[in-house]
């Protein structure tokens, strides 16, 4: 991680030198994100604050302000508050919901602000200058590919879904498309709402219902924690793989430690907010062209590259 | 509203397990078990039933406390958030004491849980009784407060229990005595103590009297404030006991711990035969209600003919049918 930071610092450092020539007074970058109400959003808050601290220290000419909101309505108000007092040079936003935030963000844009949208898109894509997101289909697909490989193309699976949303649908679609044509059979698929307790119960029920389960896929790490506890308690030895997704530090730690049941992890990193903030600042300060769409891939986290995704100080 | 409750013959209140209101939930439970067996014979396997009843323990224990609150004419929406808050405090306390006290941190943490739980309940009670605020609003407020506190304490992430304590604490959820899982024994013990308090002690009579008709109770010299406040404190203690059993299951508290438990708790109490408007409480019915709720969820997974998208809907229908069975069996 240190290495990555150094490289980033060097890159930004060179931007700084280039940037000072044009930067007059302080440029304001507002970051509007959901408040931490579960693991993933907690990670987003952590990484956004880390980015703000690093950039504010590195660039005297830039001020990054992070504002968290507990609901879509609160986020709309936060946008009004942020843009009321001063002119925003850039806004980095992870919208609570697409529909409700589209018009308010457009109003900010109309005042001449650079708009970076992260993760959840707005209803009108023409508003954003930069769109950065992870790839939920790849999360499902890469997990499936690994399972196919590891199980020799056949076996019995059970799947735990999250909350019925586009994110969940895409992950499941990526997974289902990838296992099509193989002899991997999904015995059962049910919602456990991205909640460890519900996942624990559901996994107990799966174990009671099916005498032979080769692998489990919980499409999120909070659920995986519940699954692992249920499997451990049952004492069953037939489960060879139990995989999650998102990149929670506890699970990445398992990968680093060479856990046999969870040897890999698929990232949908909350740290993407940091990427977005740095890119936005690079445009503002260094005139680096960033307009467009960036899709972060979901490469498998294995023992070799796990350190890159391990943030021991993050709450997630 | 007091007519229905008031017409219950006094004689019945003095005895145990008499009348349809007491038997109803158990009939519904029996019917559910039979249906389950027909759908999937694995349903009645010892492991499955053991799992299901064990995990219904949290709701059952909290719902026993809620039986006091509801029977005395109150309502507590904060129990789910409170459970998460107490879980968080308990884990943080145990973790901070573990280096010095070693395994003694576990029982000490349990004491802290009970003290904090009772204090939280007492606070709810005082806001409702002394503050004279509608229980729905008062506990909706504290529900938000407890949820915010656990989110703040965990930075939105998780508060995991210290590794050195984890294995030693595990048996409290996963352990068995003579083959019966410990959480089941704990909930039976809690229910036994509660039914003694509710049916054999003076306080239980006061509770039902206050819930059935406040004015009559006041004229009989019963302190409404004291009776209701104690009910909330009992509720808090029950939430703490549930939290103590909950900690070892996943070994962590998160901002999503106990979300919507309050609705499950209230449903369990009502399925168990206690009227939401107050009056006589049915402790054992409440326990049966909690098991019924968990069995329905289990049955949804074990049966193959319900689409994953429709599970919640079918659960709703079954709960309503279970209530109708009770109504018409009277």
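Read-outs throughout are calculated quantities, based only on the coordinates presented, and are distinct from any laboratory measurement. Keep in mind the model is a prediction, meaning the values are calculated, not measured. Methodologically, a virtual Cβ is constructed for each residue, glycine included, from the backbone with ideal geometry; neighbour enumeration extends over all protein chains shown.
Based on the Kirkwood radius over alpha-carbon pairs, what is the Stokes-Einstein translational diffusion coefficient of chain B at 10 °C with 1.306 mPa s viscosity, in µm²/s? Reported coefficient: 78 µm²/s.
In terms of other Cβ atoms within 10 Å, A:120, B:249, A:291 run from fewest to most in the order A:291, A:120, B:249. Axis of helix A:272-286 versus longest Cα principal axis of chain A: the two differ by about 20°, to the nearest ten degrees. So, in Å, what gap is there between the alpha-carbon centers of the stretch B:132-146 and the stretch B:17-73? Cα centroid of the stretch B:132-146 versus Cα centroid of the stretch B:17-73: 28 Å apart.
For the pair the stretch A:22-91 and the stretch A:207-232, the centres of their Cα atoms are 38 angstrom apart. Relative to the longest principal axis of the C-alpha atoms of chain A, give the angle of the C-alpha long axis of helix A:2-20, reported between 0 and 90° and rounded to the nearest 10°. Its long axis makes an angle of about 20 degrees. The angle between the Cα long axis of helix A:196-209 and the longest principal axis of the Cα atoms of chain A comes to about 20 degrees, rounded to the nearest 10. Across q = 0.17 Å⁻¹, the stretch A:69-217 modelled as identical point scatterers on its alpha-carbon atoms has Debye log10 I(q)/I(0) values of -0.92, in the order of the q list.
Distance from the C-alpha centroid of the stretch B:237-297 to that of the stretch A:248-316: 39 Å, rounded to the whole angstrom. If R0 is 41 Å, the Cβ-Cβ spacing of residue A:240 and residue B:260 corresponds to a FRET efficiency of close to 0.75. As a ratio to 2.2 N^0.38 Å, the alpha-carbon radius of gyration for the stretch A:130-204 is 1.16.
For residue B:163 and residue A:180, what does the FRET efficiency come to when R0 = 60 Å and r is the distance between their Cβ atoms, rounded to the nearest 0.05?
0.90
Anisotropy class assigned to the stretch A:136-256 is rounded, per the alpha carbon gyration tensor with a/c under the 1.5 cut-off. Using the rule -39500 (n - 2.57) for each DSSP H run of four or more residues, divided by the residues of chain B, the 222 nm mean residue ellipticity is -24000 deg cm²/dmol. Residue exposure proxy: A:54, A:229, A:304, ordered by other Cβ atoms within 10 angstrom of their Cβ from fewest to most, comes out as A:304, A:54, A:229. Computed over Cα pairs, the Kirkwood radius of the protein assembly as shown leads via Stokes-Einstein (0.890 mPa s, 25 °C) to a diffusion coefficient of 92 µm² per second. Given chain A, what whole percent of its Cα pairs are spread farther than 34 Å? The share of Cα pairs beyond 34 Å in chain A comes to 28 percent.
Fewest to most neighbouring Cβ within 10 Å: what's the order for A:311, B:68?
The order, fewest Cβ neighbours first, is A:311, B:68.
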